[in-house]
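Peer 1: Questions regarding the structure given below will be posed in turn.
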Amino acid sequence: MKEQMTRLLNCAVIAIAVMLTASSLLAHHSFAMFDQSKSVELRGTVKSFRWSNPHVFIQLLVRNEGSDDEEWSIEMTSPEHLARVGWKPGTLKPGDKVTLIIHPMRAGVKGGQYLSGTGTDGPLIGSPQPSQGEGK
Amino acid sequence: MILRGLATPTAILLGCLGTVGPMQAGLPDWSGQWENVGATPDATGGFNQSLDQVLRTLQWGPPNKPEVQERVDRIVAMERKRLEAVARGEDPGGAVRACTFGYPALMLDSPLMFEVLPTPKETTLIFSSREIRHVYTDGRQHTPKDELWATPWGDSIGHWEGQTLVIDTIAVKSPFASSESGGVAVLAFGDVEGEQTIAILSSQAHFIERIRMLDKNHLEDRMTVIDATSLTAPWRISRTYERVAHVHRMVYEDCEGEERNPIVDGHFTLAPPPSPAGSRE
């Protein structure tokens, strides 16, 4: 819970910081279009990991019982920021099975803001270790 | 022995000629990438530290004149309304596309990493936003008044005091100046309660920095801002930068790239980048 609150606050910090330092950057860098009050768990298969400026995306295929796969677009931060914490263009590959925690889009679009993730080998880079837990 | 005796003056001579690296010229080796402690991003786009840590690290307290403080308060109120609109997923309006942070935000508050390249005649600071500060250390004076105009990065000259680079900067014009600020909003920060910190400086502001290495993984910048138009006293502020751990070359930002969050019918949407060419999706 504390971890979630910290993330919430941090996202708010950067959103405001970006707005105030550069309203021009708002459309690119604000994460306020995501519902910061909700965290959703998505289990799926990576369709593609799109390493691109200004923001990186994970395209995730989520299997729904009795229906076709749904494709979700999960927005991360910039390649520059991700590289600094250890992410690389090849960190995720098509076919990887992952569970992602996201803040969903407000408008009901199948998309969200990346918060953390777990792959078959354990937590993704920067994600809390299982013992740190986030109440998933 | 003779060769050893010749080594130092030779290095100095070559250094003066600009033909050897900074170490040989007696300048410090600040190679590598640096990031502002307290503004280090995590994978979510937030920071690796808690809000309290961030705000404590990013000390802020310009000694504003009362009339400047009133303008700051107006900006805070305006931005709070904008934030509320964004939080509803709505376009707050007024956005234009530009990606320049400018000085002194680049040194004080940007989440961008940078490189520092000291050479005998010039030290260059290169930021991941592809902004560059040129600090001339060849003994020249500031650009003459009839050739000088304010820019987002200012006009910088410097000199070395031992291993400390002293930089003198004038003629700064913030890329973020708004009609409300009427000047330079060099930084803003805040939390969910709307506690925000902004500085409005005039184009007459004079910046003096002292940059030195604290240890092999930390640089320090002690900045003094003198602005008789906006401040009641010199404003002293410092920042510490640490060596970036996971990358060993510059990775550039490009926020003027493709739009990822276009506004449709007044609301933000998502627009992922296209599939890489040749991918088998």
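The values are calculated or read from the model by the stated rules, or taken from the named source; none is laboratory data. Keep in mind that this is a model prediction, so the values were computed, not measured. In this analysis, Cβ positions are derived from the backbone assuming ideal geometry, glycine residues included, and neighbour counts consider all displayed protein chains.
Peer 1: Select, from B:ALA277, B:ALA233, B:ALA245, the only residue that is away from chain A (no Cβ under 14 Å) and either part of a loop (DSSP other than H, G, I, E, B) or at pLDDT below 75 (or both). Walk me through it before giving the result.
Peer 2: Values: B:ALA277 fails: away from chain A (no Cβ under 14 Å); B:ALA245 fails: away from chain A (no Cβ under 14 Å).
So the residue among B:ALA277, B:ALA233, B:ALA245 that is away from chain A (no Cβ under 14 Å) and either part of a loop (DSSP other than H, G, I, E, B) or at pLDDT below 75 (or both) is B:ALA233.
Peer 1: Residues B:PRO152, B:PRO111: which one is within 14 Å of another protein chain (Cβ to nearest Cβ), at pLDDT below 95 and in contact with a Gly (Cβ under 6 Å, 6 or more places away or on another chain)?
Peer 2: Details: B:PRO111 fails: in contact with a Gly (Cβ under 6 Å, 6 or more places away or on another chain).
Being within 14 Å of another protein chain (Cβ to nearest Cβ), at pLDDT below 95 and in contact with a Gly (Cβ under 6 Å, 6 or more places away or on another chain) holds for just one of B:PRO152, B:PRO111, which is B:PRO152.
Peer 1: Which number in (1) over 23 Å from B:PHE101 (Cα atoms); (2) modelled with pLDDT under 90 marks the one condition that A:LEU42 misses?
Peer 2: Only one criterion is unmet by A:LEU42, namely (2).
Peer 1: Given the options A:PRO54, A:PRO79, name the one that is surrounded by 22 or more Cβ atoms within 10 Å (Cβ to Cβ), out of contact with any helix residue (DSSP H, G or I) (no Cβ under 8 Å at 6 or more places or on another chain) and facing another protein chain (nearest Cβ under 10 Å). Even if it seems obvious, please write down each step before you answer.
Peer 2: Numbers: A:PRO54 fails: out of contact with any helix residue (DSSP H, G or I) (no Cβ under 8 Å at 6 or more places or on another chain).
Step by step, each of A:PRO54, A:PRO79 is checked, and only A:PRO79 is surrounded by 22 or more Cβ atoms within 10 Å (Cβ to Cβ), out of contact with any helix residue (DSSP H, G or I) (no Cβ under 8 Å at 6 or more places or on another chain) and facing another protein chain (nearest Cβ under 10 Å).
Peer 1: Based on what the data block shows, is B:TYR241 touching a helix residue (DSSP H, G or I) at 6+ places or on another chain (Cβ under 7 Å) and within 23 Å of B:PRO118 (Cα to Cα)?
Peer 2: Against the criterion (touching a helix residue (DSSP H, G or I) at 6+ places or on another chain (Cβ under 7 Å) and within 23 Å of B:PRO118 (Cα to Cα)), B:TYR241 does not qualify.
Peer 1: B:CYS255 is checked against (1) of a type outside the set (Val, Ile, Thr); (2) crowded, with 20+ Cβ neighbours inside 10 Å; (3) in contact with a strand residue (DSSP E or B) (Cβ under 9 Å, 6 or more places away or on another chain); (4) in a loop (DSSP other than H, G, I, E, B) and fails just one. What number does that condition carry?
Peer 2: Only one criterion in (1) of a type outside the set (Val, Ile, Thr); (2) crowded, with 20+ Cβ neighbours inside 10 Å; (3) in contact with a strand residue (DSSP E or B) (Cβ under 9 Å, 6 or more places away or on another chain); (4) in a loop (DSSP other than H, G, I, E, B) is unmet by B:CYS255, namely (3).
Peer 1: Also, I was wondering about something else. Is there any pair linking a residue in region A:110-129 that is more than 13 Å from every other protein chain (Cβ to nearest Cβ) to one that is part of a strand (DSSP E or B) and basic (Lys, Arg), with Cβ under 8 Å and at least six apart or on different chains, and which?
Peer 2: A:GLY119/A:LYS97; A:THR120/A:LYS97
Peer 1: In region A:82-106, what count of residues is obtained for those that are within 18 Å of B:VAL251 (Cβ to Cβ) and within 11 Å of chain B (Cβ to nearest Cβ)? Walk me through it before giving the result.
Peer 2: First, pick out the residues of region A:82-106 that are within 18 Å of B:VAL251 (Cβ to Cβ): A:82-92.
The next check asks that each one be within 11 Å of chain B (Cβ to nearest Cβ); those that pass are A:82-89, A:91.
Looking only at that region, the number is 9.
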